[in-house]
Amino acid sequence: MTVTTTASGQASPPVELVTCTIDGIDVSVPKGTLIIRAAEQLGIEVPRFCDHPLLSPVAACRMCLVEIEGQPKPQPACAVAVGDKMIIKTQMTSEVADTAQRGVMEFLLINHPLDCPVCDKGGECPLQNQAMTAGHAESRFEGVKRTFPKPINVSAQILLDRERCVSCARCTRFADEIAGDPFIELLERGAKQQVGTAEDQPFDSYFSGNTVQICPVGALTSADYRFKARPFDLVSTPTTCEHCASGCGLRTDDRRNKVQRRLALEDYEVNEDWNCDKGRFAFRYLTDDRLTHPLIRDEEGDLVPASWPEAINFAAAKLAEVHGKVGVLTGGRLTREDAYAYAKFARVALGSDDIDFRARAASTEEAEFLAAHVAGTGLGLSYADIEKAPIVLLVGIEPEEESPIVFLRLRKAVLAGTAKVAAISSWASPGFAKTGGTVLAAAPGAEAEVLAALGAKAGSLSEAAASVADALREPGAVILVGERLAANLGGISAAVKLAGETGASLSWIPRRAGERGALDAGALAGVLPGGRPITDSGARAEVAAAWGIDEADLPAEPGLQAAGIIEALLTPPVVDEEPAPGTEEDDALIIAETAVESAAAADDEPGDAADAAAEDPNFEAIIEEPEPRISGLVIGGVEINDMPDPEAFRLALKEADVVISLETRLAGVDAYADVVFPVSVDTERSGSYVNWEGRIRPFGKVLRDATTLTDGRVLAMIADELDRPIATEDSNAIRREIDGLGFYSGTRPVPPAVTAPVAATPGSGQALLASWRHLLDLGILQAGEQYLAATQRPSVVRLSAATAAGIGVSDAEDVTVSSESGSITLPLVITDMPDGVVWVPGNSPGSAVNASLSVVPGTVVSIARGGQA
Amino acid sequence: MAELPQAVRGFSTTFFTMFRKVNTEQYPEDKDKYPPKPAFHGRHQLNRHPDGLEKCVGCELCAWACPADAIYVEGADNEEGERHSPGERYGAVYQINYLRCILCGLCIEACPTRALTMTNEYELADNSREKLIYEKDDLLAPLMPGMVPPPHSMVAGTTAKDYYDGKVTGSTPAQADEVAAREVEKVSAQAATADERLADAAANEEAAIKVAQERVANDREEVLADLAADEKKGGAQ
Ligand code: SF4
Ligand code: SF4
Ligand code: SF4
Ligand code: SF4
Ligand code: FES
């Protein structure tokens, strides 16, 4: 980010050190360090259960007792801070500490069942391990152990075996302190003490899986992994989560080449020790219904299995017919390497710059902003920076739903008092409420107005808004814009303007994991790899040199974006007066010979063609017959319902002469495809994502025996067949090529300055649509996860009290939201939000906005009482 | 010359041995005459509770203990109506690879439920590698009197603990009925598929006969036509 100033440059204040002696060794640590941490620095491990470096100390388990000289009784090392000249003896040197620890262990085991053989934690259990190192070999207990009926569901996903619990309160502290979902609590006393939930409130937290990971025993397990494997069966591979742009490091455990579970990998710069349930539990899509062989469409119009060479030849022949007129849509789920392969394929093999990675509501304004501010800027504003921002202003993003680790960091910072949060949004979502900030209420489409008001600091600002406006002018202030802002014209321009006026840093957070990487890789019209503008001849020369092609062979004008590609397919080509002479062969020849010229000419918008014809005397000579601007599509993993108007996309697919689809499963596009290639999923390849910070998050191949082909490999084979090689077979080679190219160092394009249109005013029985997606919803990467789906947030429609009264509904009654294309009916929750606005979840059960309404947020829709459509 | 007496002494050993009783046991002809010692560790067996439910809980401790990595286990949840063992967990996949096993017995010591023990069977040779990977079906103990084959429910009113405490001594009529009902269902399903196949076969046969008949009729007409033509030709000549 060009406007980013990271706080890393600031000098940190000097830390006050204290020196103590642990087991006879002197150690100096910052004041306030806990004994257990100081001991760790010396490599002395004090046994522990309740202690966790990211949770507040409670000293609940008493396992970590150590002797401190001058203190009458052993003290818990996890709760006592080191004092100057303190002399501490752990179990290594102190009989007292050792006896105390063995005593505690004996108490813990009194009520612990002999469940190890049937317990998922067995083999990686701190209680097992520490019973060996700090316990007695024989039990003196002869009474009856407490028992509870076998596991109870604290949520559909999380199971609790109460007799295994050691009452360490890690899970409850996590739920309370980190996730902010205090739905579990320690109840009762003594031997009956147990973790429990309120009767009607299950532990439906987006972060519930973390409690399974941090529970030091097998008391909390996941329905998903229960009894699946033992730790010693598993091969662990460090990976990166593919579910959002937070970029969590994960550990993927597989047994005999089948993924069994995923855990959060400790990475203090990104996800700390946590991740969300989507990243942890949604991986069935990796194996379910996979496409295993290429398919081609035969003469009868059926998709039939084909051999690889057959399919490659077929695809290449088809693409050769429409050279220069092919649009490439890659979706936002590809790795940086595969996105790069598409970017290179489009420019080199297809001779086209018509490429877009955004399979969602997007705008030209956003593309300009990305080219100016984001593409090829590397690591900018980071998690650490947002933790100490005087204000983090969220626009068009709901962190808990759309980038959960951003949410956790914000919440952490707000609780620690190091940052404040404000959001421009239609209502304060439950996630936002947990960060306890200010909502500057805005109807969808009115974001630009609010942003402008903050910038201008006009007198009409409310008190809350005025304080946000002041905070934005302090050093370190941050504006985070989500991808959703693109749907509301002028919003991004206003955010850029505000950042300029206040000096705040501006960062962009997409929802999908692959978007930032795809942008850096050049999978956007007008942007070559590394953020190089295609219109800059120096940038083109660099890329051409790296690709070993002639600079003149690279398109020099920005191509069409996704919306333009679809529109071009749906708009009939401009008809020339004179019918074109020449046969089909001649045309093919002309196309081949004048590839450069025709590409340049064809790059004009179809609507401009007539003007161009009038101005350009050569025009007729170049265009021999009415050529459609786009007649082919190469599609990599786009889900039809991701498109803002799925019906238009379907029509465009139908209209296209050639559709080449690269897919992991038959998901919709195949119905229109001429060739479908099966490609790898993340566990079958190595690669990297770029998270919203711009941090590269590489991951390794998990399934060592996988033989599927990556997108890059398939594209490379087609390109070879077209005799325009792109050499993208190997992810490592691509990575080297990307690194070799580096980022663009020339002058960046200017950011957009689009004036927001006057917001539509809904009439009676109408409202402006506001919507975002829930973290757990009908997304295709969560398909088939029944336990996860059971913890989804309920689908509801939200209206303000006045708007609800306007159509005569009250709380919990059904409301129907409809557009020309269809309708959604959901129960109402009256919410504090602007009048004339209706909110529904974007892709949840009973509420698929794209598929049912086919309109983007900010559009006027009809609202009515009851279930009638 | 001094070597001669030594050679004689040496050969005398050979000579006298010829008159000793031989130790050779005729295998396989006389194998029943020489059973292995009762404590011999031979092929494994997966034991059952007295009502036929499996004892194995799929804990993999045997696999963990095995120095030869010969055991492969996958645990799974006992679903309602599909119960293989008392309690929650059972061994869904159980394999021992006898190409690897050294019959050391560490696995049976590790087994917390006495599900795994070893028999006296020592004839563990075969003509392919695959055959020497014994599956759960090969290893499960035979059904003794009073046992009914799982999956079936636990004895009504008992807990997993009762099974371990030896309070379950055999299957109940309810369990037997459950298994019988399942068998009946299975057999009738098989019968239904068999019927379907028979019907299909009959239909196929009918179709085939029809085709054959048609062909014969066609052929006949052709031959007759040819004959008629020939005759005409002959007549013309
Ligand atoms: S369930 Fe686990 S994490 Fe929670 S209190 Fe019990 S032992 Fe601790
Ligand atoms: S927060 Fe995002 S990156 Fe992290 S686990 Fe969840 S979906 Fe994956
Ligand atoms: S007898 Fe020994 S080698 Fe054979 S399976 Fe058991 S532990 Fe492994
Ligand atoms: S045989 Fe015994 S040790 Fe092996 S999995 Fe079954 S119960 Fe566990
Ligand atoms: S770890 Fe210190 S009391 Fe639990």
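Apply the a/c threshold of 1.5 to the C-alpha gyration tensor of the range A:821-869 and tell me whether it is rounded, prolate or oblate. Verdict is rounded for the range A:821-869. Average accessible surface for the protein assembly as shown: 45 Å² per residue, computed with a 1.4 Å probe over protein heavy atoms with every protein chain in place. A quarter of the convex hull surface defined by the alpha-carbon atoms of the range B:23-157 gives 10.0 nm² as the mean projection.
For the range A:74-90, backbone phi angles converted through the Karplus equation (6.51, -1.76, 1.60; θ = phi - 60°) give residue-by-residue couplings of x, 10, x, 5, 7, 10, 9, 7, 5, x, 5, 6, 5, 10, 10, 10, 8 Hz, Gly and Pro being listed as x. Of the trypsin sites (Lys or Arg not before Pro) found in the range A:75-184, the ones in coil according to DSSP and having at most 11 other Cβ atoms within 10 Å of their Cβ are A:K85, A:R140. Coupling constants for the range A:149-154 follow from the phi torsions by the Karplus curve (6.51 cos²θ - 1.76 cosθ + 1.60, θ = phi - 60°), and in residue order they are x, 4, x, 10, 7, 7 Hz; glycine and proline get x.
Applying the Karplus relation 6.51 cos²θ - 1.76 cosθ + 1.60 with θ = phi - 60° to the range B:221-226 yields 3J(HN,Hα) values of 4, 4, 4, 4, 4, 4 Hz, where x marks Gly and Pro. Overall dimensions of chain B, expressed as equivalent-ellipsoid semi-axes from the Cα gyration tensor (√(5λ), whole Å, largest first), are 60, 42, 16. What's the buried accessible area, both sides, between B and A using a 1.4 Å probe, rounded to 100 Å²? The B and A chains share an interface burying roughly 1300 Å².
What average count of beta carbons from other chains do you get within 10 Å of the Cβ of residues in B:58-67?
Details: counts 4, 9, 7, 5, 0, 3, 6, 0, 0, 0.
Counting other chains' Cβ atoms within 10 Å and averaging over B:58-67 gives 3.
Computed over the range B:149-211, the alpha-carbon pair-distance distribution with 10 angstrom bins reads 19, 28, 18, 14, 12, 7, 3, each value a whole percent. A:R262 sits with roughly 10 Å² accessible to a 1.4 Å probe, with DNA, RNA and ligands left out of the calculation.
Roughly how many percent of the accessible protein surface of the range B:26-79 is carbon and sulfur, given a 1.4 Å probe and a whole-percent answer? Please list the in-between numbers first.
Values: 1390 of 2650 Å².
Its accessible area is 52 percent carbon and sulfur atoms.
When both bridge partners sit in chain A, DSSP labels roughly 60% of those beta bridges antiparallel. In the range B:67-143, if the dipole is taken from +1 on Lys/Arg beta carbons and -1 on Asp/Glu beta carbons about the Cα centre, which of B:P142, B:L106, B:A76 is farthest to the positive end? Positive-end residue among those listed: B:L106. Taking amide H positions as modeled 1.01 Å from N, with prolines and chain starts lacking one, the residues under 5 Å from A:E663 and 5 or more places away or on another chain are A:F677, A:V679. By the rule of a C-alpha distance below 21 Å, with chain neighbours fewer than 8 residues away ignored, the lysines paired with A:K31 are A:K85, A:K89. Shape summary: the range B:183-233 maps onto an equivalent ellipsoid whose semi-axes, from the alpha-carbon gyration tensor, are 48, 4, 4 Å in decreasing order.
In the context of the full protein assembly, A:R284 retains an accessible surface of approximately 80 Å², using a probe radius of 1.4 Å and ignoring ligands and nucleic acids.
Note every residue of the range A:98-145 with a reduction of at least 50 square angstrom in accessible area, all protein chains present versus the isolated chain, computed with a 1.4 Å probe, or write none. In the range A:98-145, residues shielded by partner chains: A:P117.
Percent of Cα pairs in the range A:444-494 per distance bin of 5 Å, from zero to the largest separation: 4, 20, 27, 23, 18, 6, 0. Taking max minus min of the alpha-carbon positions on each principal axis, the range A:133-201 gives extents of 41, 27, 23 Å, largest first.
Give A:K150/A:K228; A:K73/A:K412; A:K228/B:K55; A:K150/A:K412 a once-over and call out the pairs whose C-alpha atoms are over 24 Å from each other.
Values: A:K150/A:K228 18 Å; A:K73/A:K412 35 Å; A:K228/B:K55 18 Å; A:K150/A:K412 35 Å.
Table pairs above 24 Å Cα-Cα are A:K73/A:K412; A:K150/A:K412.
Label positions at A:D298 and A:R140, each projected 7 Å from the Cα along the C-beta direction, are separated by 8.1 nm.
Give the whole-number value, in cubic angstrom per residue, of the convex hull volume spanned by the C-alpha atoms of the range A:170-303. Don't jump to the answer; show the numbers that get you there.
On the way: hull volume 23.7 nm³, N = 134.
Normalising the Cα hull of the range A:170-303 by residue number yields 177 Å³.
Dividing the Cα radius of gyration of the range A:329-467 by its Kirkwood radius returns 1.05 for Rg/Rh.
Here the Kirkwood formula puts the hydrodynamic radius of the protein assembly as shown at 34.6 Å, using every distinct Cα pair. The alpha-carbon of B:K21 sits under 18 angstrom from the alpha-carbons of these lysines, leaving out residues fewer than 8 places away in its chain: B:K33. Averaging Cα coordinates gives a centre for the range B:4-59 and one for the range A:341-365; these two points are 76 Å apart. Cα to Cα, under 23 Å, and not fewer than 8 places away if on the same chain: which lysines meet these conditions relative to A:K654? Cα-Cα hits under 23 Å: A:K318, A:K325. Summarised as an ellipsoid, the range A:22-117 has semi-axes of 24, 15, 11 Å, derived from the eigenvalues of the Cα gyration tensor scaled by 5 and square-rooted, with the largest first.
Surface composition of chain A: carbon and sulfur make up 53 percent of the accessible area, probe 1.4 Å. Counting only Cα atoms, the range A:787-869 measures 38, 26, 23 Å along its principal axes, largest extent leading. Give the shape of the range A:643-758 as rounded, prolate or oblate, defined through the alpha-carbon gyration tensor: a ≥ b ≥ c are the square roots of its eigenvalues, a/c under 1.5 means rounded, and otherwise the shape is prolate if a/b is larger than b/c and oblate if not. Taking the square roots of the gyration eigenvalues as a ≥ b ≥ c, the range A:643-758 is oblate.
The values are calculated or read from the model by the stated rules, or taken from the named source; none is laboratory data. Everything numeric in this text was worked out from a predicted model, so none of it was measured. Positions of Cβ are generated from backbone atoms using ideal geometry, with glycine treated the same way; all protein chains shown enter the neighbour counts. Just so you know, the surface numbers come from the protein's heavy atoms only, side chains and all, with ligands and any DNA or RNA stripped out. Shrake-Rupley method; radii C 1.70, N 1.55, O 1.52, S 1.80 Å.
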